[in-house]
Amino acid sequence: MIPFIVIVLLFTLLAFGTPVGFAMTISGALGLYMVGGMTAVIAIFSSTPHDSAAVYMFVVIPMFLLMAEFVLRSGIADDLYTAASAWCGRLPGGLGIATAFAGAAFGAICGSSTASAATLSSTSLKAMIERGYEPRMAAGVVAISGTLAMLIPPSVAMVIYGLIADVNVGQLLIAGVIPGIVVMTTIIVTTMFLAIQDPKRAPIPIKVSFMEKIKLTRLVGPMLVLFVAVTVVIYLGVATPTEASAFGAFVAGVFYFTRKKRTLTETFDVISRSVKTSCMIAVIVLGAHIFSTFFAVTNVTQHVVTFIGTLDVEPWMVILGLVLLYIVLGCVMDQLAILVLTVPIAAPLVHALGFDLVWFGVIVIISAELGMVTPPMGLNCFIVSKYSGLPLREIFIGVLPHVLTHIIAIGILLLFPALTLWLPNNMH
Amino acid sequence: YQAMAEEAKTLKVAWLFPANHYLWENGGKVFADAVTERTDGKIQWELYPAGQLGNNIAALKAGLADAAMISTSYHADKFPLSSVAELPGMFSSSCESTEKMWGVAKPGGILDNAEYKVQGFRVIFAGGLPPYNIFTTDKAIETIDDVKGLKLRANGEGMSNTARSLGAVPIKVSSPETYDALTRGVIDGALYPYSGLFGYKLNELFDHVVEGSQLGSGIILWVISDKAWNSLSDETKNIFTEEGAKAQSFLCEYQDRRDTESRQRVIDEGMNVVTLTEEQQKIWQDRVSGVWDIWVKKMEDAGRKGKETLEAYKASGN
Amino acid sequence: MLNRITKISEQILLVIACISVAIMVVVISADTLLRYVFNSPLSWAYNLTTYYLIVICFYFAISATFRDGVHISIDLFRFGMSKNVRLIADITWVLLSIIAFGLIAYANWKSIFETFVQNQHYEGIISWPVWLSYVPIFVGTCVLIIRLTLHVIALITKGNDPEVIFDGEQST
Ligand code: NA
Ligand code: NA
């Protein structure tokens, strides 16, 4: 009965538009009060806000966000697209393919999907439309390519999943690499198919000379430096994810400050954006911790796990059900909200069923990513719409083919866990 | 019958590690099951393993847990004096460490008065972990001079001070990261008990061990909140005390046996065991006992009864 | 007047939070580098970061983050609400948030007091006081409570609050 009241309160508050972290803190507190009185609430409130924040691994979040802000403002992303389009431009749908490459490359140095969608909108979307691409096709490939950022390390979503599900963050980050390539390939194949099906959608631009291509490729340098500073460093075990993230932010900062003269106000603005987003995440994680304590005390998690166990279903059916749930939730909820609301229950369940939590983390994130490009709440589409001035509807239609093939990509990763787990298992 | 019905209750136990961890299976659970049996099922237990309830001390205070099996070093800020049980040069087996700790941690003991009463709980039994030895990958340690400059994994202040006193460079590495740190050469070796090697496959990497040096180890405590304790009848309290003592012996004997078996296993696998000569042992003992003074000074500087606690601990269990 | 003071406090705390992030970047990078190049890590970096800088980064920014509408919420259902229903919903959750964060502030005040009286320290070569690690939580939530109170007063008296961005987009 108590869990029921608390969950109803949580959903009412969420529907009211209460910030997710606040809603979880309030309803979790009520639950603790009903279970253990004011003593319980005060005791948990006197330790959880501190213990959930004072975690060395948590440093990764502000570092990744700061790195993304620095990269965003330093113009590195524009260069990536210029280089990619010089190489892929002459293929069918070439500029779209370049967008996917730039999305993956930018994803490899930036930890946030929305930042990536915004960057791609301001560079590749403009270029494609200028060259006569069908706007909805151009917008679609931009919106979907933005999602690569959460999959390919660095990824804020992976870190949050790791913190909540208590999974090795280094392994999680590395696990996203191959699925990221799978998704990128899916986007490329879809784009080529669309371009071949109706060449008017994607006119072929003028040829770029080979020498020019080589020259432009040098622009990829800063991206490679950052990629090595973070992902390669984590993979090789040269430094822990925390150290690598700080180092990445440092290097990105060097690019930011050396490429142009910056004022103090500008710098404060850049850092404070990452601080505020980190704080938002910390409050959500705090809410998730308070709520999971309540769930643990009332055995909700255990009941769910036992209940699923008594159902006569195959474990993979449960996984499939969860994937569908994530795709549906993605339609109405922010990715972070989905993570904190579901992972405290889903992770123990999946673990009890004998699945690997690193693999599941990748599946959760890739499934919830889909929600970024589906109506009615599709954050990436909102951003593309804002940048391009195209109506939201157009963008949702344009991204639809990618949504369908993205589901196939999820299917492939579900069927072949080795794709996800091979790299993290070979980290030594 | 009525009295019995009134006292029937389920106590919630918080535990940091998974339910199948050997410390739970051979310590916590042994005690819990025995109590249930002796009270004819009146006292039942509900385990919350793997840190589900978050900070165990907070869970006890919140009343969300009635009992807990805690590791004092995880709460070093709250139990600074308890680290006396981690000091080097004090014991050479799990049972020796356990008995010494029990003497000071039991209700009315010096640690109980200084650190546990204020937190609102009492200790039912203690469990000292088997003592550390120095394991290294390449370099065999024959004398104390061989330790000089080695980078050794040492977590927590106690271990770090011990390593430093021997001339080594202590480096903080978590257990899951130790394997990596060794292969990458971040560390040359580690302070570990024999039985702790296999969990993270460290036996694959270490080729040498030096034993006979008493380098300390860690401690766990089974505790119950005062509130839960006071709700028990005198008869049940007696059962708790008696079964606690039994579980304590069972656990330490189990650990010592396991450590001996583990030692044999790594020898069979080809590890080079260096046993310190009596003469060498004396030198090592002299060196590590310097850590005692550092410890006492630090405690006294912070206004704690460091000297008294150390004396009580030394005298305990003899 | 109170509005102004609150805004100034928020900005000051935000600046400190930004500075601590900048320090983290430098200290952790330096720590890693020193460990590799000179085999001598900064032994104090871990404690400084974990117990102070990261806590400051999160909690000092909490009110400014709320003010600027960065805390994510699910606004899908709000679209279907009439203006008045939305106002009542807002007043309700803001009041509940004041209670919840009020309890957090009180509980952390207790933690500060307790850890101070018991003279608790984090272990390390430097003795880091534990109570100081709780201060950012107390200070940050106190400012947030004032901000929430001003917000709810504005909502009740004026029906809106120009000081707080809401229904706004995220800054990421
Ligand atoms: Na990324
Ligand atoms: Na959506």
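A few comments on the model shown:
Yes/no per residue for (1) more than 21 Å from A:Val189 (Cα to Cα); (2) without any contact (Cβ under 8 Å) to a residue 40 or more places away in the chain; (3) assigned to a helix (DSSP H, G or I):
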site: A:Ile365; (1), (2), (3): yes, no, yes
site: A:Glu369; (1), (2), (3): no, no, yes
site: A:Met377; (1), (2), (3): yes, no, no
site: A:Val384; (1), (2), (3): yes, no, yes
site: A:Tyr387; (1), (2), (3): yes, no, yes
site: A:Pro401; (1), (2), (3): no, no, yes
site: A:Thr405; (1), (2), (3): no, no, yes
site: A:Ile408; (1), (2), (3): no, no, yes
site: A:Leu413; (1), (2), (3): no, no, yes
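- Of all residues making up region A:35-84, the number that are out of contact with any Lys or Arg (no Cβ under 9 Å at 6 or more places or on another chain), more than 14 Å from chain B (Cβ to nearest Cβ) and of a type in the set (Gly, Ala, Ser): 3
- When C:Ile137, C:Ile91 are checked against the criterion of being within 9 Å of chain A (Cβ to nearest Cβ) and in contact (Cβ under 8 Å) with a residue 24 or more places away in the chain, a single residue qualifies: C:Ile137.
- Yes/no for A:Gly103 being more than 14 Å from every other protein chain (Cβ to nearest Cβ), within 16 Å of ligand 2 (Cβ to nearest atom) and under 23 Å from A:Ile204 (Cβ atoms): no
- Lone unmet requirement of (1) under 22 Å from A:Pro153 (Cα atoms); (2) more than 12 Å from ligand 2 (Cβ to nearest atom) for A:Ile397: (1)
- Filtering region B:163-177 to residues that are buried (at least 21 other Cβ atoms within 10 Å of the Cβ) and either away from chain C (no Cβ under 12 Å) or of a type in the set (Lys, Arg) (or both) leaves B:Ala163, B:Ser165, B:Leu166, B:Ala168.
- Exactly one residue out of A:Ile196, A:Ile129, A:Ile109 is within 22 Å of the chain's Cα centre (by Cα) and of a type in the set (Val, Ile, Thr): that is A:Ile109.
- Within region A:52-65, the set of residues being more than 14 Å from ligand 1 (Cβ to nearest atom) and crowded, with 24+ Cβ neighbours inside 10 Å comprises A:Ala53, A:Phe58, A:Val59, A:Pro62.
- Residue in region B:208-225 that is within 14 Å of chain A (Cβ to nearest Cβ), on the phi < 0 side of the Ramachandran plot and surrounded by 14 or more Cβ atoms within 10 Å (Cβ to Cβ) present: yes
- Set side by side, the residues A:Ser116, A:Ser121 differ, and just one is within 13 Å of ligand 1 (Cβ to nearest atom) and not aliphatic (A, V, I, L, M), which is A:Ser116.
- Failed item in (1) within 14 Å of chain C (Cβ to nearest Cβ); (2) within 16 Å of ligand 2 (Cβ to nearest atom), with A:Leu324 passing the rest: (1)
- Residue, farthest from ligand 2 (Cβ to nearest atom), within region A:106-119, restricted to residues that are touching a residue at least 60 places away in the same chain (Cβ under 8 Å) and assigned to a helix (DSSP H, G or I): A:Phe106
- Verdict on A:Ala127 being within 14 Å of another protein chain (Cβ to nearest Cβ), more than 13 Å from ligand 1 (Cβ to nearest atom), at pLDDT below 85 and more than 16 Å from A:Met192 (Cα to Cα): no
- Lone unmet requirement of (1) within 13 Å of ligand 2 (Cβ to nearest atom); (2) away from chain C (no Cβ under 14 Å); (3) among the aromatic types (Phe, Trp, Tyr) for A:Phe360: (1)
- Filter result (within 25 Å of C:Glu123 (Cα to Cα), at pLDDT 90 or above and not in a helix (DSSP H, G or I)) within region B:163-209: B:Leu166, B:Gly167, B:Ala168, B:Asp188, B:Gly189, B:Ala190, B:Leu191, B:Tyr192, B:Pro193
- Residue list for region A:363-375, filter: within 16 Å of ligand 2 (Cβ to nearest atom) and away from every other protein chain (no Cβ under 14 Å): A:Val364, A:Ile365, A:Ile366, A:Ser367, A:Glu369, A:Leu370, A:Val373
- The set of residues from region A:10-32 being within 7 Å of chain C (Cβ to nearest Cβ) and either outside any helix (DSSP H, G or I) or out of contact with any helix residue (DSSP H, G or I) (no Cβ under 8 Å at 6 or more places or on another chain) (or both) comprises A:Gly17, A:Thr18, A:Pro19.
Each row is one residue, and each column tells you yes or no for (1) under 30 Å from A:Leu329 (Cα atoms); (2) acidic (Asp, Glu); (3) not in a helix (DSSP H, G or I).
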{"site": "C:Val85", "(1), (2), (3)": "yes, no, no"}
{"site": "C:Asp90", "(1), (2), (3)": "yes, yes, no"}
{"site": "C:Ser97", "(1), (2), (3)": "yes, no, no"}
{"site": "C:Ala107", "(1), (2), (3)": "no, no, no"}
{"site": "C:Ser111", "(1), (2), (3)": "no, no, no"}
{"site": "C:Ser133", "(1), (2), (3)": "no, no, no"}
{"site": "C:Val143", "(1), (2), (3)": "no, no, no"}
{"site": "C:Leu148", "(1), (2), (3)": "yes, no, no"}
{"site": "C:Ala154", "(1), (2), (3)": "no, no, no"}
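- Yes/no for C:Ser111 being within 14 Å of chain B (Cβ to nearest Cβ), surrounded by fewer than 18 Cβ atoms within 10 Å (Cβ to Cβ) and among the hydroxyl-bearing types (Ser, Thr, Tyr): no
- The residue that is nearest to the other protein chains (Cβ to nearest Cβ), counting only those in region C:31-65 that are closer than 20 Å to A:Thr48 by Cβ and not in a helix (DSSP H, G or I), is C:Ala61.
- Single match in C:Ile23, C:Ile8, C:Ile28, C:Ile12 (criterion: within 18 Å of A:Phe64 (Cβ to Cβ) and more than 9 Å from chain A (Cβ to nearest Cβ)): C:Ile23
- Counted residues, region A:230-284 - those being surrounded by 20 or more Cβ atoms within 10 Å (Cβ to Cβ), out of contact with any Phe, Trp or Tyr (no Cβ under 8 Å at 6 or more places or on another chain) and at the interface with chain C (Cβ under 9 Å from one of its Cβ atoms): 17
- Being farther than 26 Å from C:Asn119 by Cβ and surrounded by 24 or more Cβ atoms within 10 Å (Cβ to Cβ) is a property that B:Phe121 lacks.
- Breaking point among (1) over 16 Å from B:Pro107 (Cα atoms); (2) part of a helix (DSSP H, G or I), for B:Gly270: (2)
- Residue in region B:148-162 that is away from chain C (no Cβ under 14 Å) and either surrounded by 18 or more Cβ atoms within 10 Å (Cβ to Cβ) or assigned to a helix (DSSP H, G or I) (or both) present: no
- Within the span defined as region B:54-66, one or more residues are assigned to a helix (DSSP H, G or I) and without any contact (Cβ under 8 Å) to a residue 24 or more places away in the chain.
- Some residue of region C:155-172 being over 23 Å from C:Glu10 (Cα atoms) and within 13 Å of chain A (Cβ to nearest Cβ): no
- Residue identified as within 12 Å of ligand 1 (Cβ to nearest atom), more than 14 Å from chain C (Cβ to nearest Cβ) and at pLDDT 85 or above among A:Ile152, A:Ile144: A:Ile152
The values are calculated or read from the model by the stated rules, or taken from the named source; none is laboratory data. Predicted model only: the values in this text are computed from it and were never measured. Backbone-built Cβ (ideal geometry, glycine too); neighbour counts: all protein chains shown.
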